[in-house]
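The values are calculated or read from the model by the stated rules, or taken from the named source; none is laboratory data. What you see is a predicted model; the values in this text were computed from it and never measured. Every residue, glycine as well, gets a Cβ built from its backbone with ideal geometry; the counts of neighbours run over all protein chains shown.
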Amino acid sequence: MAFEDIPFPFHVLAPFFKLQKFSAEMVLSDRVLNTNGSESENEWEKMLKPFDLNELRKSLVQITPIQLCKLLELPLDVPTSMEIFELVGAQKGYWHSFDVYYVLIDKLGAAGEFKVIDRLLMQIMEEGIVFRESLFIMIMKYYGRAGLPGQATRLLLDMRGVYSCEPTFRSYNVVLDILVAGNCPKVAPNVFYDMLSRGISPNVYTFGVVLKALCMVNEVDTACSLLRDMTKHGCVPNSVVYQTLIHCTLQE
């Protein structure tokens with residue numbers, strides 16, 4: 001079936017265009033005569049015509065990735081957004097862009113639709129689109145908000161092995177934050193040492209989160225040892241790091 005034969009779901013946008021469509025019909029019923037006495041469109045008609053749903057159905061035959069991003073950014077529910085995404089993807093010669101996937105996955109993450117996100121990640125890989133770290137960081141944060149620190153950690157490990165996207169300290173910092181906030185401090189040091197083993201340089205914030213995790217499980221000696229190692233990684237302890245350790249030792 002050609003894309004032109006697929007009914008685009010403009011009915012979901014009908015409320016958005018209702019007022020404009022009514023205005024267009026009012027103007028279209030009031031024709032003006034030009035100097036030759038023949039019927040002609042006036043400026044209002046030309047301006048309002050694109051808001052008529054019949055005109056939209058005719059004009060939006062070939063939708064671009066940029067236009068699809070705009071549609072997906074509208075306050076439409078997840079099923080409707082997915083329907084639009086799939087119908088546009090069926091266009092001949094069309095390929096979804098990274099930005100289209102990013103906008104859609106952002107909406108899915110907010111709705112907690114993680115199984116659909118996993119499917120889309122595989123689809124991105126199959127289509128040969130180059131992954132960006134920003135996409136994984138966004139998904140990890142949604143896992144954190146959903147109280148799923150284990151899933152965020154899994155995604156971090158899959159970035160390189162499954163999706164061929166090299167994580168930086170930014171991805172590790174996000175996961176370390178999620179582990180501490182999700183009451184999984186015992187896992188945080190393992191993630192940190194995995195980071196070091198892969199040659200990824202931590203920053204001061206990284207050390208701050210790991211020190212906090214160690215203090216949460218009463219590993220004060222290990223935390224103090226890690227503090228001494230900070231300079232080896234080119235990091236100078238700041239007030240937050242010292243306050244974390246001081247607070248931990250006072251609680252002993």
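Of all residues in the range 129-145, those that are closer than 16 Å to Ala111 by Cα have Cβ atoms under 8 Å from Cβ atoms of residues that are of a type in the set (S, T, N, Q), 6 or more apart or on another chain, in Met140/Ser171; Tyr143/Gln151.
Scanning the range 145-155 for residues that are of a type outside the set (A, V, I, L, M, F, W, C), touching a Gly at 6+ places or on another chain (Cβ under 9 Å) and surrounded by fewer than 16 Cβ atoms within 10 Å (Cβ to Cβ) yields Arg145, Gly147, Gly150. Any residue at all in the range 99-115 that is within 14 Å of the chain's Cα centre (by Cα), among the hydroxyl-bearing types (Ser, Thr, Tyr) and more than 27 Å from Asn190 (Cα to Cα)? Checked the range 99-115: at least one residue is within 14 Å of the chain's Cα centre (by Cα), among the hydroxyl-bearing types (Ser, Thr, Tyr) and more than 27 Å from Asn190 (Cα to Cα). Of the residues examined, Gly199 is one that is loosely packed, with under 15 Cβ neighbours inside 10 Å, out of contact with any strand residue (DSSP E or B) (no Cβ under 6 Å at 6 or more places or on another chain), small (Gly, Ala, Ser) and at positive phi.
Quick grid of which residues meet (1) closer than 30 Å to Leu179 by Cβ; (2) crowded, with 16+ Cβ neighbours inside 10 Å; (3) touching a Gly at 6+ places or on another chain (Cβ under 9 Å); (4) at pLDDT 95 or above:
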residue	(1), (2), (3), (4)
Val61	no, no, no, no
Val78	yes, no, no, yes
Ile105	yes, yes, no, yes
Ser134	yes, no, no, yes
Met140	yes, yes, no, yes
Tyr143	yes, yes, yes, yes
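Annotation note: of Tyr172, Tyr193, the sole residue that is free of Cβ contacts under 8 Å to residues at least 60 places away in the same chain, aromatic (Phe, Trp, Tyr) and over 30 Å from Gly128 (Cα atoms) is Tyr193. Checked against the criteria, Gln123 does not count as buried (at least 16 other Cβ atoms within 10 Å of the Cβ), polar (S, T, N, Q) and under 30 Å from Gly89 (Cβ atoms).
Applying the criterion of being surrounded by 14 or more Cβ atoms within 10 Å (Cβ to Cβ) and of a type in the set (D, E, K, R) to the residues of the range 157-194, the residue that is farthest from Phe136 (Cα to Cα) is Asp194.
Quick grid of which residues meet (1) part of a helix (DSSP H, G or I); (2) of a type outside the set (A, V, I, L, M):
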site	(1), (2)
Ser201	no, yes
Phe207	yes, yes
Leu211	yes, no
Ala223	yes, no
Asp229	yes, yes
Lys232	yes, yes
Val241	yes, no
Ile246	yes, no
Thr249	yes, yes
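A count restricted to the range 143-185 and to residues that are under 18 Å from the mean Cα position of the chain (by Cα) and hydrophobic (A, V, I, L, M, F, W, C) stands at 10. Summed over the range 83-94, residues that are surrounded by 14 or more Cβ atoms within 10 Å (Cβ to Cβ) and assigned to a loop (DSSP other than H, G, I, E, B) total 2.
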